[in-house]
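Below is one structure, written out as structure tokens, with a few remarks after it.
The values are calculated or read from the model by the stated rules, or taken from the named source; none is laboratory data. These figures come from a predicted structure and were not determined experimentally. With ideal geometry, Cβ positions are generated from the backbone for all residues, glycine too; neighbour counts draw on all protein chains shown.
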Amino acid sequence: MDMDLSKYVADVQLTEAEKSVLTFLLTHLDEALKLGVRGIAKANFTSTSTVMRLAKKLGYNGFIEMYYKLLGKAKEEKPNYEVNEGFASQFLQENWLSLAMYPRIRLAAQQICETNRLVFIYGMGFSALMAEYLAKKLLVLGIKCIFSDGADSIGIFENNLEDIGVLIVFSRSGRSRAVLNRVKTAKENAVFTVAFTGDSASPLKDLADCVIEAQDDTYLDDRNMKPTLFFSKTLMLIELLIYEYYGISIQKNQ
């Protein structure tokens, strides 16, 4: 696709391969970090050295710095977001989001908005799909975050602990040992914790600083074999969280 790269490169002369990589980065910001240098090089039929050379030419220390700087520039170019005042009321009309839940969503959004450190997002199994979705939403907003699922080593969490400002976990049952252990560790290190979970009693509700509940219509189906609205409701709660984040960001910047 044709794209004006001049505002990103200034007077730097790029090869065709480097231009291709830069264009790919700008049009795939939601997945570029996960692809990494090797994945981006492969997608553009070039070498990893081309990607690293591009970073150096643009004045960055490496791929990670280049990614976040480009993400920030892309965010600045987006038009100002206009809050749809009727957006939140649509959730209340469905009778599954209580007024008592709303302050928790706003609290989570406020913590994300105010932290100057990483947001770490974790989920396992089907809940990992929700976690990854939120991570992508935050990344396109220019928020530095790490997504991790059950296939990852706990070392990813522990090795970044000092840089984490907010931990967000997703667990339908609220009883996953891996989720509970991460929340416990986060609280011991003064990291604010947010939990998306079902509406039945669970240890996770007693641990997390902020609990956001989605009504689980099949909470006994721990193998996720039956039709359920739990995950679709969780996705809607994520959108409401993003809505509140926008509102807080606008107030903060005024």
**Q.** Residue ID - nearest to the chain's Cα centre (by Cα), chosen from residues in segment 165-177 that are of a type outside the set (S, T, Y) and crowded, with 21+ Cβ neighbours inside 10 Å
**A.** I168
Q | Criterion: of a type outside the set (D, E), surrounded by fewer than 22 Cβ atoms within 10 Å (Cβ to Cβ) and under 19 Å from R117 (Cα atoms) - qualifying residue of S249, S232 | A | S249
Q.
Considering only segment 146-159, I want to know if a residue exists there that is in a loop (DSSP other than H, G, I, E, B) and buried (at least 16 other Cβ atoms within 10 Å of the Cβ).
A. no
Q: Take segment 166-213 and flag every residue that is farther than 12 Å from G123 by Cβ, among the basic types (K, R), touching a residue at least 12 places away in the same chain (Cβ under 8 Å) and out of contact with any Gly (no Cβ under 8 Å at 6 or more places or on another chain).
A: R175, K184, K187
Q | Residue in segment 103-112 that is more than 15 Å from I242 (Cα to Cα) and not charged (D, E, K, R) present | A | no
Q.
Which of the numbered conditions does I154 fail, given that it passes all the others? Conditions: (1) within 13 Å of the chain's Cα centre (by Cα); (2) over 29 Å from K73 (Cβ atoms).
A. (1)
Q.
Need the failing condition index for T218 against (1) touching a residue at least 40 places away in the same chain (Cβ under 8 Å); (2) farther than 21 Å from N116 by Cβ, just the number.
A. (1)
Q | Evaluation of L118 against (1) out of contact with any Leu (no Cβ under 8 Å at 6 or more places or on another chain); (2) touching a residue at least 12 places away in the same chain (Cβ under 8 Å); (3) under 23 Å from S202 (Cα atoms) (one fails), failing number | A | (3)
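Can you name every residue in segment 16-34 that is out of contact with any helix residue (DSSP H, G or I) (no Cβ under 8 Å at 6 or more places or on another chain) and in contact (Cβ under 8 Å) with a residue 12 or more places away in the chain?
Of segment 16-34, the ones out of contact with any helix residue (DSSP H, G or I) (no Cβ under 8 Å at 6 or more places or on another chain) are 16, 19-20, 23, 27, 34.
Within segment 16-34, K19, S20, T23, T27, K34 meet the criteria.
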Q. Pick from segment 102-141 the residues that are over 11 Å from the mean Cα position of the chain (by Cα), of a type in the set (A, V, I, L, M) and assigned to a helix (DSSP H, G or I): which of them is surrounded by the fewest Cβ atoms within 10 Å (Cβ to Cβ)?
A. L129
Q: Residue by residue through segment 134-160, note down the ones that are closer than 22 Å to D209 by Cβ and either in contact with a Ser or Thr (Cβ under 7 Å, 6 or more places away or on another chain) or of a type in the set (S, T, Y) (or both).
A: S148, I156, F157
Q) Within segment 6-56, can you find the residues that are of a type in the set (G, A, S) and within 25 Å of the chain's Cα centre (by Cα)? A) A32, G36, G39, A41, A43, A55
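Going by the structure shown, is E244 surrounded by 18 or more Cβ atoms within 10 Å (Cβ to Cβ), in the same structural domain as C113 (by TED's automatic domain parsing), part of a helix (DSSP H, G or I) and modelled with pLDDT of 80 or more?
yes
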